[in-house]
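Take a look at the structure below.
The values are calculated or read from the model by the stated rules, or taken from the named source; none is laboratory data. Only a predicted model underlies this, so the values are computations on that prediction, with no experimental measurement involved. Cβ placement follows ideal geometry from the backbone for every residue including glycine, while neighbour counts extend to all protein chains displayed. Note: areas computed on protein heavy atoms with side chains; ligands, DNA, RNA excluded. Shrake-Rupley method; radii C 1.70, N 1.55, O 1.52, S 1.80 Å.
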Amino acid sequence: MSNLIRCNNGHLFSMRRYGTICPYCNMETDTEEKKATGLTEEQMEASLALQEKKPVCGWFVCVDGPRKGKDYKVVEGKNFIGRADDMDIQVLGDNEIARRNHCSIAFDSKKKQSFLLPGNTNGMVYLNGEVVFAPTPIVAYNVIELGNSKFVYLPFCGEHFEWK
């Protein structure tokens, strides 16, 4: 069975990645799996609440390209970026971005710092116009270029705030 489902508004998304809540309209989607479990709405909510959620540490925002205006949540640790549905940050619409691991953004909670890391593909990644070949620190409003798209990085955690 495919892990892609369609919400009531017609959005197609990965159930493996987002569960049954559409990431575009933030609405619960009725699925055959949900109906087959026999769980009540309260039991399903309790089950979902037990799943570990990583808090946001920053955002990766598309400012130029096919997904202009779309934001992506960055969490602690490595956030792999690519077009595949198993990527932490899935950027659709730009076929110049590799399917898997074009690059990654990592937030190091010990150093309270974010880094841009090149991926293991032939695709290049640029930080403020310079090619990235090794892990490089990134700060607020740095411009990251992948494929035919440009993104701005906005940190949330760091010097002024951290999750305890």
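How much accessible surface area, in Å² rounded to 10, belongs to the heavy atoms of Lys78 with a 1.4 Å probe?
Accessible area of Lys78: about 120 Å².
Once the whole set of protein chains is in place, how much accessible area is left on Ile21, using a 1.4 Å probe, in Å² to the nearest 10?
Here the accessible area works out near 70 Å².
In nm, to one decimal, how far is the modelled label at Val56 from the one at Arg16, with both set 7 Å along Cα→Cβ?
Each label point lies 7 Å from its Cα, and together they span 2.6 nm.
If you rank Asp64, Asp108 by how much accessible surface each has, with a 1.4 Å probe, what is the order from largest down?
On the way: Asp64 75, Asp108 50 Å².
Sorted descending by solvent-accessible area, the residues read Asp64, Asp108.
What percentage of all Cα-Cα pairs in segment 52-97 are separated by more than 12 Å? Mind showing how you got there, number by number?
On the way: 651 of 1035 pairs.
Percent of Cα pairs beyond 12 Å in segment 52-97: 63.
Whenever you get a sec, line up His11, His102, His160 from highest to lowest accessible area (probe 1.4 Å, protein heavy atoms).
Working: His11 65, His102 0, His160 170 Å².
From most accessible down to least: His160, His11, His102.
Please calculate the 1.4 Å probe accessible area of Leu92, with all protein chains present, and give it to the nearest 10 Å².
70 Å²
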